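See structure below.
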Amino acid sequence: MASILFNFLASRFPGLDNRLKQAGIRQSAQSFIKRQLLLSFYISAALTLILFGFLAPLNVSLRFFAYFFPAVLFVVFFYAMNTPTVKIVQREKDINREIVYAGRFIIIELSAGVSLYQGMRNLSRHFPKVGPYFADIVNRIDLGTPIDEAITEAIDISPSGDFRKLMWQVMNSIKTGADISVALSGVIDQITREQRIAVEEYSRRLNPLAMFYMLIAIILPSIGIIMFIIISSFLSLSFGLPVLLLFAGLLGFLQYMFLAIIRSRRPAVEL
């Protein structure tokens with residue numbers, strides 16, 4: 001019965017197997033869903049028990065908790081199912097930071113008379129993020145897989161579009177007998193131009209973001225707290241340390257959110 005449930009849930013998330021491979025999660029879709037569902041159940045049960053402990057003295061109806069638990073379970077489960085997407089985005093950024101240097105490394109190796117196979121093996125030892133994908137290609141070749149098939153399999157599990165562009169050029173050059181160095185130089189120049197455009201767009205977006213950060217996270221809270229203190233003094237209101245700590249915590253959270261937004265928009269580029 002449980003396997004039927006997991007298979008049904010897996011059918012609700014098409015492409016999950018491939019996204020798990022791209023995220024580096026070595027599990028089947030059914031096993032991943034089972035783990036995330038159990039984790040969501042434990043988290044939801046813990047939150048429900050904690051809330052029950054707080055609200056029990058208020059004689060809250062048990063019907064509220066009967067609705068609260070499945071609602072929290074639903075939200076936590078679908079949030080947990082986005083774990084591969086988060087990891088894919090991070091892995092894509094890590095690969096894109098190295099892909100230009102990795103491509104230039106292969107060109108230098110080929111120009112020095114090193115074979116493509118040995119060049120990929122050497123590359124896998126020098127680049128911590130993109131290297132494992134080339135190491136996987138080399139391992140597949142060592143196991144008897146043709147080089148074009150090994151590259152195709154690496155393309156399928158790579159979350160980076162730039163990596164796929166690079167390897168498509170390598171594979172096309174192998175099939176057509178063209179010079180791999182020339183093909184790689186062209187695609188690396190294209191990737192470099194795209195990264196420069198991304199940096200320029202980021203710089204244009206950064207100015208209004210910095211303005212909003214100064215206005216909402218610094219100026220308005222400062223003026224608001226001053227006005228709040230002045231008004232409270234006229235109304236003879238007193239506030240203890242917990243209220244001030246609450247204001248400080250909210251202000252810190254607001255600034256953290258702005259910085260997180262700015263950091264998330266930064267392109268994964270190292271030119």
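Here the condition is being small (Gly, Ala, Ser), more than 29 Å from the chain's Cα centre (by Cα) and surrounded by fewer than 15 Cβ atoms within 10 Å (Cβ to Cβ); of Ala46, Ala112, Ala71, it holds for Ala112 alone.
Of the residues Ser185, Ser203, Ser233, Ser222, which is in the same structural domain as Ser115 (by TED's automatic domain parsing) and not hydrophobic (A, V, I, L, M, F, W, C)? The unique qualifying residue is Ser185. Scanning region 181-193 for residues that are closer than 21 Å to Asn96 by Cβ and touching a residue at least 24 places away in the same chain (Cβ under 8 Å) yields Leu184, Ser185, Val187, Ile188, Gln190, Ile191, Thr192.
All conditions but one from (1) of a type outside the set (Lys, Arg); (2) in contact with a helix residue (DSSP H, G or I) (Cβ under 6 Å, 6 or more places away or on another chain); (3) assigned by TED's automatic domain parsing to the domain that holds Gln22 apply to Ala56; the one that does not is (2).
Whether a residue is in a helix (DSSP H, G or I) and closer than 30 Å to Arg35 by Cα was assessed, and Val86 passes this test. Residues considered: Leu254, Leu244, Leu250. Of these, the only one that is out of contact with any Asp or Glu (no Cβ under 9 Å at 6 or more places or on another chain) and at pLDDT below 75 is Leu244. Can you find a residue that is in contact with a Ser or Thr (Cβ under 8 Å, 6 or more places away or on another chain) and either over 24 Å from Glu153 (Cβ atoms) or of a type in the set (Val, Ile, Thr) (or both) anywhere in region 44-51? The answer is no, given that none of the residues of region 44-51 is in contact with a Ser or Thr (Cβ under 8 Å, 6 or more places away or on another chain) and either over 24 Å from Glu153 (Cβ atoms) or of a type in the set (Val, Ile, Thr) (or both). Among the residues examined, Gln30 does not qualify as closer than 26 Å to Ile155 by Cβ and touching a Lys or Arg at 6+ places or on another chain (Cβ under 9 Å). Note on region 97-135: residues that are without any contact (Cβ under 8 Å) to a residue 40 or more places away in the chain and among the β-branched types (Val, Ile, Thr) total 3. Looking across region 115-129 at every residue that is of a type in the set (Gly, Ala, Ser) and in a helix (DSSP H, G or I), the one that is farthest from the chain's Cα centre (by Cα) is identified as Gly119.
State yes or no: is Lys93 surrounded by 14 or more Cβ atoms within 10 Å (Cβ to Cβ), closer than 28 Å to Ser11 by Cβ and touching a residue at least 12 places away in the same chain (Cβ under 8 Å)? In short, no. Of all residues in region 1-34, those that are in contact with a helix residue (DSSP H, G or I) (Cβ under 9 Å, 6 or more places away or on another chain), over 29 Å from Gly161 (Cα atoms) and not polar (S, T, N, Q) total 4.
The helices (runs of 4 or more DSSP H) found wholly in region 1-71 and carrying at least 1 residues that are β-branched (Val, Ile, Thr) occupy 2-11, 29-55.
The values are calculated or read from the model by the stated rules, or taken from the named source; none is laboratory data. Since we're looking at a predicted model, the values are computed, not measured. Positions of Cβ are generated from backbone atoms using ideal geometry, with glycine treated the same way; all protein chains shown enter the neighbour counts.
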